[in-house]
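> Before we start, here is the structure in question, set down as structure tokens.
The values are calculated or read from the model by the stated rules, or taken from the named source; none is laboratory data. Keep in mind that what you see is a predicted model, and the values were worked out from it rather than measured. Backbone-built Cβ (ideal geometry, glycine too); neighbour counts: all protein chains shown. The protein model used for the area step is the full one, side chains on, heavy atoms only, and it has no ligands, DNA or RNA in it. Shrake-Rupley method; radii C 1.70, N 1.55, O 1.52, S 1.80 Å.
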Amino acid sequence: MKALAASAMAAALTMAGCGSGRDPVQAALDAIVKAADARDAKALFQRVAPGFQAADGSGLAEAQSTVERYFAAYESLDVSIGDVRIERAEGAARVRLRATLSGQPRRIGGLEGLVPSSAAYDFDLRLVPQGGTWKVSWAQWNPAGGGHS
């Protein structure tokens, strides 16, 4: 479960900038799915605020390390999001969503027995505009149905 939670976190961290005429928050959500499916950690972390903080107290360096490890654990990853709720404020946005993940773990060293092939997580994210793009500054996630505020 932790492997897919990290992948879900990666998806959530892939917040992108504005698309032409599109809602920048929705454009960010679309970019989340694309980067996670591609397992592209570099692109993902270009869109994370340098001062990123997870609800568990971990920061950017720990998130990067975790995401890179878990992306490497999968041959393929498919992420979809739903139940998206966006609250906007001056210079910030709060996004709550459910990420559903499925993937094919790599078949090396018994890895397929250690990382799950599917899971769902509820996310609570804070996004801020920085350098012309929206970046994730804070994130919390829980297994779907576990609830959070």
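Yes/no matrix, rows are residues, columns are (1) open to solvent by 70 Å² or more (accessible area, probe 1.4 Å); (2) part of a loop (DSSP other than H, G, I, E, B); (3) modelled with pLDDT of 90 or more:
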| site | (1), (2), (3) |
| --- | --- |
| Gly109 | yes, yes, no |
| Ala119 | no, no, no |
| Asp122 | no, no, yes |
| Val128 | no, no, yes |
| Gln140 | no, no, yes |
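> Okay, moving on. Condition first: modelled with pLDDT under 85, crowded, with 17+ Cβ neighbours inside 10 Å and not in a strand (DSSP E or B). Can you find one or more residues in region 91-105 that meet it?
Scanning region 91-105 turns up no residue that is modelled with pLDDT under 85, crowded, with 17+ Cβ neighbours inside 10 Å and not in a strand (DSSP E or B).
> Would you check if there is a residue in region 56-75 being in contact with an Asp or Glu (Cβ under 9 Å, 6 or more places away or on another chain), within 30 Å of Arg22 (Cβ to Cβ) and among the small types (Gly, Ala, Ser)?
Checked region 56-75: no residue is in contact with an Asp or Glu (Cβ under 9 Å, 6 or more places away or on another chain), within 30 Å of Arg22 (Cβ to Cβ) and among the small types (Gly, Ala, Ser).
> So which residues in region 1-55 are at pLDDT below 55 and under 10 Å from the mean Cα position of the chain (by Cα)?
In the first step, residues of region 1-55 are kept if they are at pLDDT below 55; the result is 1-8, 10-20.
Ala5, Ala6, Ser7, Ala8, Ala10, Ala11, Ala12, Leu13, Thr14, Met15 - these are the residues of region 1-55 that are at pLDDT below 55 and under 10 Å from the mean Cα position of the chain (by Cα).
> Are there any pairs, at least 6 apart or on different chains, whose C-beta atoms fall under 6 Å, with the first in region 35-50 and under 19 Å from Val25 (Cα atoms) and the second β-branched (Val, Ile, Thr) and assigned to a loop (DSSP other than H, G, I, E, B), and if so, which?
Between residues of region 35-50 that are under 19 Å from Val25 (Cα atoms) and residues that are β-branched (Val, Ile, Thr) and assigned to a loop (DSSP other than H, G, I, E, B), the close pairs are Ala35/Thr14; Leu44/Thr14; Arg47/Thr14.
> From the list Val79, Val67, Val84, exactly one residue is outside any helix (DSSP H, G or I), open to solvent by less than 30 Å² (accessible area, probe 1.4 Å) and under 23 Å from Pro143 (Cβ atoms). Which is it? Show your work before the answer.
Details: Val67 fails: outside any helix (DSSP H, G or I); Val84 fails: open to solvent by less than 30 Å² (accessible area, probe 1.4 Å).
Val79 is the lone residue from the list that is outside any helix (DSSP H, G or I), open to solvent by less than 30 Å² (accessible area, probe 1.4 Å) and under 23 Å from Pro143 (Cβ atoms).
> Tell me which residues, restricted to region 66-101, are under 14 Å from the mean Cα position of the chain (by Cα) and of a type in the set (S, T, N, Q).
Thr66, Ser80, Thr100
> Which of the residues spanning region 21-64 are surrounded by 14 or more Cβ atoms within 10 Å (Cβ to Cβ) and on the phi > 0 side of the Ramachandran plot?
Arg39
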